[in-house]
1. Over the stretch 93-199, what number does the Rg to Rh ratio reach, with both radii from the alpha-carbon atoms and Rh per Kirkwood?
2. Show that you can apply the helix-only estimate: for the chain, add -39,500 (n - 2.57) for every DSSP H stretch of four or more residues, divide by all residues, and state [θ] at 222 nm to the nearest 500.
3. Per 0.36 nm of contour for each residue apart, how much would the distance between LYS111 and ARG128 grow if the chain were fully extended, relative to their Cα-Cα spacing?
4. Find, among the trypsin sites (Lys or Arg not before Pro) in the stretch 27-98, those assigned to loop by DSSP (not H, G, I, E, B) with at most 14 other beta-carbon atoms within 10 angstrom.
5. Under a point spin-label approximation (7 Å from Cα along Cα-to-Cβ), what is the GLN178-ASN163 distance to one decimal in nm?
6. What FRET efficiency, computed as 1/(1 + (r/R0)^6) with R0 = 25 Å and r the Cβ-Cβ distance, is obtained for ASP30 and PHE101, rounded to the nearest 0.05?
7. Could you tell me how far the Cα centroid of the stretch 83-104 sits from the Cα centroid of the stretch 145-199, in Å?
8. Of VAL65, VAL118, THR102, which is farthest on the positive side of the dipole of the stretch 2-194, counting Cα position, with +1 on Lys and Arg Cβ, -1 on Asp and Glu Cβ, and the Cα centre as origin?
Amino acid sequence: MKKSGILLSIMLFAVATMAQGYQVGDKVKDFRLLNVDGNYVSMADYPDAKGFIIIFSCNHCPFVVAYEDRMIELHNRFAPQGFPVIAINPNDTIAEPRDSFTNMQIRAREKGFPFPYVIDADQTVYPRFGATHTPHVFLVKRDGEDLRVAYIGAIDDNHRDANAVEDRFLANAIAAVQRGEKPDPAVTRAIGCTIKTRN
């Protein structure tokens, strides 16, 4: 009975740990997701990248809409430095039809997204990362042959007004990584809409 209890405790701890998703320093597993242009995208498609700005995003969330221009600016600024944006829609499209693949294509065209906007259709990627909101950012850096999480959280400290931003968390984190330093803070609170599932 004691052994069974210990085994159950270990299993529950493992499940709880997995549910949290990636932590700073964790190795990141690649994904292969459908982009709005009809092609599949993975991080392996960018062999020269120094890292990635992974943003869990969507169409309908007002927090995302407030950040879309900043997401474009981040890609245009940092992709040439080796840190491209990949936006991932994690929402179930039955639970939230506004986030359908067709609507993603329309939104990408409207905004002229210069980065891939892919769909986590079977909702297996966002739990692995531990994303909970849109937008939710994961800065990934190359570490030899591996990719590891360097920063998790918000883009900056003001979703309402880009002109009133005081702390550019993500940009500062990228700058720290480029200097060979650890971002400080390495984790901030992601503020946005919750990820939609059918449950």
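Bear in mind these aren't lab numbers, they're just calculated from the coordinates by the rules spelled out. Treat the numbers as computed from the prediction; the structure is a model and nothing was measured. Positions of Cβ are backbone-derived with ideal geometry, glycine not excepted, and every protein chain shown enters the neighbour counts.
1. Values: Rg = 15.6 Å, Rh = 15.7 Å.
Here the Rg-to-Rh quotient is 0.99.
2. Numbers: 5 runs with 62 residues, N = 199.
Counting only the DSSP helices, I get -10000 deg cm²/dmol.
3. Details: separation 17, 0.36 × 17 = 6.12 nm, distance 2.83 nm.
Going from the current span to full extension adds 3.3 nm.
4. Values: sites: LYS27, LYS29, ARG32, LYS50, ARG70, ARG77, ARG98; in loops: LYS29, ARG32, LYS50.
Answer in residue order: LYS29, ARG32.
5. Distance between the two pseudo-spin positions: 2.6 nm.
6. The formula returns an efficiency of 0.75 here.
7. One Cα centre to the other: 20 Å.
8. VAL118
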